[in-house]
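The values are calculated or read from the model by the stated rules, or taken from the named source; none is laboratory data. Predicted model, so just to flag it, every value in this text is computed and none were measured. As a convention, Cβ positions derive from the backbone with ideal geometry for all residues, glycine included, and neighbour counts pool all protein chains shown. Each accessible area value is taken on the protein alone, full model and side chains, heavy atoms only, with ligands, DNA and RNA left out. Shrake-Rupley method; radii C 1.70, N 1.55, O 1.52, S 1.80 Å.
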Amino acid sequence: ETAVFQTPNYHVTQVGNEVSFNCKQTLGHDTMYWYKQDSKKLLKIMFSYNNKQLIVNETVPRRFSPQSSDKAHLNLRIKSVEPEDSAVYLCASSLLGSAETLYFGSGTRLTVL
Amino acid sequence: GQQVQQSPTSLVLQEGENAELQCNFSTSLNSMQWFYQRPGGSLVSVFYNPSGTKQSGRLTSTTVIKERRSSLHISSSQITDSGTYLCAMGHNAGAKLTFGGGTRLTVRP
């Protein structure tokens, strides 16, 4: 049963454009995450939010910014995309924010031309 | 170097064969999880197994914290088991999970 919803599923854009990905979870969880999955299937955490507060911010480029209106929503904005940003971006949530089961969305595949 | 190493990177089985997937960690951990990703699909948590052995149907996970390793055993594999299996470790420092590179499993009829 899907409980973490991501839109869009796919997005193709040109270098330099701005994109925004949405994520919503209906599990009542306190923490949400954005992960980037590259072409080798390697997943790396980008951000996590706990009750609208950023608690993990890996050294991602400044053109990436998470945006949260409430604990059920965590969007990801990329100001000026680069070719290396092409990847699958996965949103996830967890109940308490540390060391327990993550629930993932289906991902947004970004292709930068 | 990569903190989470998975082996093998790919595995091809005949339906009905067993599979053993390994995950090794280079640092201490306080949690680990196994995830399954169908081609083109989302990640699904298979096991949250910080230590010991857990079983669910044909799947068994064993984590040995002292040896910094975890395994996922799939018995009597089925075609629908095909996909990528990822392990991930959690640190004491909050919400970060570090993923391995995954094992791509293909089960043939």
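Considering chain B, the qualifying strands (runs of 3 or more DSSP E), each wholly inside and each with 1 or more residues that are over 19 Å from A:Gly107 (Cβ atoms) and more than 13 Å from chain A (Cβ to nearest Cβ), run over B:4-7, B:10-14, B:19-25, B:52-56, B:59-64, B:69-74, B:103-108. Checking the stated criteria, A:Val12 turns out to be surrounded by fewer than 16 Cβ atoms within 10 Å (Cβ to Cβ) and within 30 Å of B:Thr9 (Cα to Cα). The single condition among (1) of a type in the set (S, T, N, Q); (2) over 21 Å from A:Ser94 (Cβ atoms); (3) open to solvent by 40 Å² or more (accessible area, probe 1.4 Å) that B:Ser56 does not satisfy is (2). Answer with yes or no whether B:Arg104 is under 24 Å from A:Trp34 (Cα atoms) and of a type in the set (D, E, K, R). Yes: the conditions hold for B:Arg104. The requirement of being surrounded by fewer than 20 Cβ atoms within 10 Å (Cβ to Cβ) and β-branched (Val, Ile, Thr) is not satisfied by A:Val81. Pairs meeting the criteria (first residue in the stretch A:47-72 and farther than 15 Å from A:Asp30 by Cβ and modelled with pLDDT of 90 or more, second residue of a type in the set (A, V, I, L, M) and open to solvent by 50 Å² or more (accessible area, probe 1.4 Å), beta carbons under 8 Å, at least 6 apart or on different chains) are A:Pro66/A:Leu54. All of A:Ile55, A:Ile78 fail the test of being out of contact with any Cys (no Cβ under 6 Å at 6 or more places or on another chain) and within 12 Å of chain B (Cβ to nearest Cβ), apart from A:Ile55. Run B:Ile74 past the list (1) out of contact with any helix residue (DSSP H, G or I) (no Cβ under 8 Å at 6 or more places or on another chain); (2) touching a residue at least 40 places away in the same chain (Cβ under 8 Å) and report the number of the one that doesn't hold. It fails just one condition, (1).
When each of A:Arg62, A:Arg109 is tested for being surrounded by fewer than 18 Cβ atoms within 10 Å (Cβ to Cβ), of a type in the set (Lys, Arg) and away from chain B (no Cβ under 12 Å), the lone residue that passes is A:Arg62. The set of residues from the stretch A:27-44 being more than 7 Å from chain B (Cβ to nearest Cβ) and among the hydrophobic types (A, V, I, L, M, F, W, C) comprises A:Leu27, A:Met32, A:Trp34. Restricting attention to the stretch B:37-53, the residues being open to solvent by less than 30 Å² (accessible area, probe 1.4 Å) and in contact (Cβ under 8 Å) with a residue 40 or more places away in the chain number 3. The condition (being within 13 Å of chain B (Cβ to nearest Cβ), among the aromatic types (Phe, Trp, Tyr) and open to solvent by 40 Å² or more (accessible area, probe 1.4 Å)) is satisfied by just one residue among A:Phe5, A:Phe104, A:Phe47: A:Phe5.
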